[in-house]
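*Asks:* Following this message is one structure expressed as structure tokens.
The values are calculated or read from the model by the stated rules, or taken from the named source; none is laboratory data. For clarity, every value in this text was computed on a predicted model and none was experimentally measured. FYI the Cβ positions are ideal-geometry reconstructions off the backbone, even for glycines, and counts take in every protein chain you see. Heads up: the accessible areas ignore ligands, DNA and RNA and are worked out on the full protein's heavy atoms, side chains in. Shrake-Rupley method; radii C 1.70, N 1.55, O 1.52, S 1.80 Å.
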Amino acid sequence: DNLSNIASAFSSFAKLPVAEPAEVDVLAQLNTTLAMFGNADDTTITLESGKITRAVVMADREHLNSIFSNLLKNAIQSVPSGKNGVIRIVLSADDARVRVRFIDNGTGIPGELIPKMFTPNFTTKSSGMGLGLSIVKRYVEGAGGRIWFTTEQNNGSVFTVEFPLLYTVQDQ
């Protein structure tokens, strides 16, 4: 059964759904993701967008949901048991790009694991197939974006996704 599950997961990874790009408001998708997570135990999650009220990109809506929910889930899970988690999601934009940073106060990523983080079948968890970040990377790049992270042992990590920006709407 275990081998069958692993084979199914890799089969699914190999034939991810074809993207259906449309104009999508990144801020609205972030709010949808936050609503799905509700209140995480012992974790405070904030979304900061400055004066931006809309940041529109050309991307697949479901792919964005998957990207954001995976990064948020990873951020929450990076906080060790017994510590109050603080997750900040920060949206920013310039004339050409929109950036979303997922900032956590978790354990950070050990140096020897850093090169493997986006590799399929790599996981630091006791469950799961280790496909989350590799799928996230594929979805981000499929939308013309890029993803990277910085990390500090025992202080947390910052995962950043960046997409080409169509336009923003800002409060005056």
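*Asks:* Which of the residues that make up the range 39-55 are over 15 Å from the mean Cα position of the chain (by Cα), surrounded by fewer than 19 Cβ atoms within 10 Å (Cβ to Cβ) and not polar (S, T, N, Q)?
*Replies:* Once the filter is applied, which keeps residues that are over 15 Å from the mean Cα position of the chain (by Cα), surrounded by fewer than 19 Cβ atoms within 10 Å (Cβ to Cβ) and not polar (S, T, N, Q), the range 39-55 yields Ala40, Asp41, Asp42, Glu48, Gly50, Lys51, Ile52, Arg54.
*Asks:* Okay, moving on. Of the residues Asn154, Asn70, Asn121, which is at pLDDT 90 or above, open to solvent by 20 Å² or more (accessible area, probe 1.4 Å), over 15 Å from the mean Cα position of the chain (by Cα) and not charged (D, E, K, R)?
*Replies:* When all the criteria are applied, what remains is Asn154.
*Asks:* Could you please let me know if Ala28 is open to solvent by 40 Å² or more (accessible area, probe 1.4 Å), at pLDDT 95 or above and of a type in the set (A, V, I, L, M)?
*Replies:* yes
*Asks:* Now, a different point. Is it the case that some residue within the range 101-118 is assigned to a loop (DSSP other than H, G, I, E, B), touching a Ser or Thr at 6+ places or on another chain (Cβ under 7 Å), of a type in the set (A, V, I, L, M, F, W, C) and modelled with pLDDT under 90?
*Replies:* yes
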